[in-house]
Amino acid sequence: MARFAALFLALLAGAHAAAEIPGCKIRITSKALELLKQEGLRFLEQELETVTIPDLGGHEGHFYYNISEVTVTEMQLTSSELHFQPEQELVLQTSNSSLGLRFRRQLRYWIFYDGGYINASAQGISIHTALQLSRDPTGRIKVANVSCQASVSKLYAAFEGTFKIVYQFLSTFVTSGMHFLLNQQICPVIHHAGMVLLNSLLDTVPVRSSVDNLVGIDYSLVKDPVVSTSYMDMEFRGAFFPLGQGNWSLPNRAVEPQLQEEERMVYVAFSEFFFDSALESYFQAGALQLSLVGDKVPKDLDMLLRASYFGSIVLLQSPAVIDSPLKLELRVVAPPYCTIKPSGTTVSVTASVTVALVPPNQPEVQLSSMIMDARLSAKMALQGKALRIHLDLRKFRIYSNQSALESLALIPLQAPLKTMLQFGVMPLLNERTRRGVQIPLPEGMDFVREVVTNHAGFLTIAADLHFAKGLREVIEKNRPANTMDSGVPSAPPPSTAAV
């Protein structure tokens, strides 16, 4: 028994160790479903207006009839509800909806013939459909299955013309036949809309994409979405990587971000790992270095370096070297790291600062090398669907790694170097971070009215959603050229349509 218990605990520990900690989480709450329902119903109405009904023909005694060219003129989805359902489902229910039809009638009785067009309406349409959401092998959220039940309560047709009385006699056969066919056509349209068209919309969510020419971002889902009655949680890897090192990965040892609230439409959480992976990726890509030569070095700093601390060193150089352009090189020596606390977010950086003269057509003459420690404050903001960061220099110090005496001699350089960083380097950094990185949302959807809250080890952003583009516009733009190539059945099994 003890051996079995030990084995069970070992398996449990192994399973727990294998679980990947997400760097980013997104929660969609039931508050967002009203907005999604409005846009989704508009799209579904347009799709159901494309319902195609085959021709209907038959005879009763010597009367032969044919119904053809059936078209949907109008679709109205009235009473509806969209809600989350555990087991990874999003459920849409509509009732008491109506649909307008127009079709061509043809009647023959012996040698008599009558034809024309008829307006009809289907009343009491009820639809119950559930979209099962899951993670596909690439880590993308997908509609994995669509279940559907649809029924039409009544169908009315206004028969007119020479054989109006005959048509009214035969209306039971005609309307019951169309009633059956209409029932059979609603669910295939909904199935196609979910499995093909909505999945083409979800294909616009970035999974593994480039941020710029140096770094990419991995937004793969680490597991299937978790759905409760009031929200849906999605956990993403949320890891940056240098584009030149495709297999590179950084272990995630940060605190797992937590989402507790449900008052706003959407919540996004980022752990320290999310930002640390970005900082290390840029470090690995060799982007965290800067060289200022000649006119790029602020004049007051150039004069101070030449005249004060490095004056005696400069005087030892040959006349051709003394008047050479000055070079100031900053190179980050270790990956910076991010610290998130309720009081704010900081980025810690350690870099080497090298001062040298650059005589034309001669090797550089190094004057000194020092170490710089800097602490930057970081303010996060969501604009559209881009996470943007603004950095400010808060703390700064330089020291020598050679001797304490040399560190004391560097004190006069603290102020001018800090000024140079504030006005020369920080604007360059903020120009890059202002571009932002996209949050995994479908095309056409943006965040609005965001509020950032810091916690211990992670931060959360509460926001509402806004459709910058209509659902129809985005889907038409990304609609598969040939749905037969999508690998998804265009229609559900016949049993899913309730007759």
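The values are calculated or read from the model by the stated rules, or taken from the named source; none is laboratory data. Keep in mind the model is a prediction, meaning the values are calculated, not measured. Virtual Cβ from ideal backbone geometry, glycine too; neighbours counted across all protein chains shown. These area figures cover heavy atoms from the full protein model, side chains too; ligands, DNA and RNA do not enter into them. Shrake-Rupley method; radii C 1.70, N 1.55, O 1.52, S 1.80 Å.
Go ahead and run the numbers for FRET between residue 34 and residue 390, Cβ-Cβ distance against an R0 of 35 Å, rounding to 0.05.
So, using R0 = 35 Å, E works out to roughly 0.60.
Please say if the stretch 208-467 is rounded, prolate or oblate, where rounded means a/c under 1.5 for a ≥ b ≥ c the square roots of the C-alpha gyration tensor eigenvalues, and otherwise the choice is prolate for a/b larger than b/c and oblate otherwise?
Working: a/c = 2.74, a/b = 2.46, b/c = 1.12.
Prolate.
Considering only protein heavy atoms, what is the solvent-accessible area of residue 204 at a probe of 1.4 Å, reported in Å² to the nearest 10?
Its heavy atoms expose roughly 30 Å² to the probe.
Mind grabbing the accessible area of residue 212 for me, 1.4 Å probe, Å², rounded to tens?
30
So for 52, 460, what's the accessible-area order with a 1.4 Å probe, most first?
52, 460
Dipole of the stretch 208-467 (Lys/Arg Cβ +1, Asp/Glu Cβ -1, origin at the Cα centre): which of 332, 238, 462 lies farthest to the positive side?
So the residue we want is 332.
Can you flag which of 31/477; 154/469; 341/477; 25/418; 31/142 are past 32 Å Cα-Cα?
154/469; 341/477; 25/418, as the Cα separations exceed 32 Å there.
Quick check: with the 1.4 Å probe, what order do 345, 350 take by accessible area, largest first? Intermediate results must be reported in sequence, preceding the final value.
Details: 345 10, 350 50 Å².
I get 350, 345, largest accessible area first.
So between residue 66 and residue 477, what do we pick up on full extension, going 0.36 nm a residue minus the alpha carbon distance?
Answer, rounded to one decimal: 144.1 nm.
Can you tell me the dipole magnitude for the stretch 51-203 around its Cα centre, using point charges on the Cβ only (Lys, Arg +1; Asp, Glu -1), in Debye to the nearest 20?
180
Full-extension gain between residue 263 and residue 95, please, as 0.36 nm times their residue separation minus the C-alpha to C-alpha distance.
57.6 nm
Just the number, please: carbon plus sulfur as a percent of the accessible area of the stretch 208-467, 1.4 Å probe, no ligands or DNA/RNA counted.
C and S atoms contribute 54 percent here.
Using a basic spin-label model with each label point 7 Å from the Cα along Cα→Cβ, how many nm lie between residue 454 and residue 255?
So the label points at residue 454 and residue 255 sit 1.2 nm apart.
Could you check the simple spin-label distance between residue 341 and residue 322, using points 7 Å along Cα→Cβ, in nm with one decimal?
Calculated label separation equals 5.0 nm.
When all protein chains stay in place, what accessible area (Å², nearest 10, 1.4 Å probe) is found for residue 445?
Estimated to the nearest 10 Å², residue 445 gives 20 Å².
Between residue 117 and residue 467, take the C-beta separation as r, use R0 = 45 Å, and let me know the FRET efficiency to the nearest 0.05.
About 0.75, to the nearest 0.05.
What distance in nm separates the two pseudo spin-label positions at residue 228 and residue 352, each 7 Å out from Cα along the beta-carbon direction?
5.2
At R0 = 51 Å, how high is the FRET efficiency between residue 210 and residue 106 if r is their beta carbon distance? Nearest 0.05 is fine.
E between residue 210 and residue 106, to the nearest 0.05, is 0.25.
Which whole-number percent gives the relative contact order of the stretch 195-263, counting Cα pairs below 8 Å spaced six or more residues apart?
Value for the stretch 195-263: 24 percent.
Charges only on Cβ, +1 for Lys and Arg, -1 for Asp and Glu: so what's the dipole of the stretch 208-467 about the Cα centre, in debye to the nearest 20?
With only Lys, Arg, Asp and Glu charged at Cβ, the dipole is about 560 debye.
Return the long-range amide H neighbours of residue 216 (sequence gap of 5 or more, or a different chain), with a cut-off of under 5 Å between placed amide H atoms.
Under 5 Å from the amide H of residue 216: 211, 241, 243.
Calculate, for the stretch 208-467, the solvent-accessible area per residue in square angstrom, rolling a 1.4 angstrom probe over the heavy atoms of the protein chains. Don't skip to the end; give the middle numbers.
Details: 12560 Å² over 260 residues.
On a per-residue basis, 48 Å².
Summarise the accessible area of the stretch 68-145 (1.4 Å probe, protein heavy atoms) by the percent that is carbon and sulfur.
47
Quick one: which residues, 5 or more positions from residue 205 or on another chain, have an amide H under 5 Å from its amide H? H modelled 1.01 Å from N in the peptide plane, none for Pro or chain starts.
Those qualifying (amide H under 5 Å, at least 5 residues apart or on another chain) are 443.
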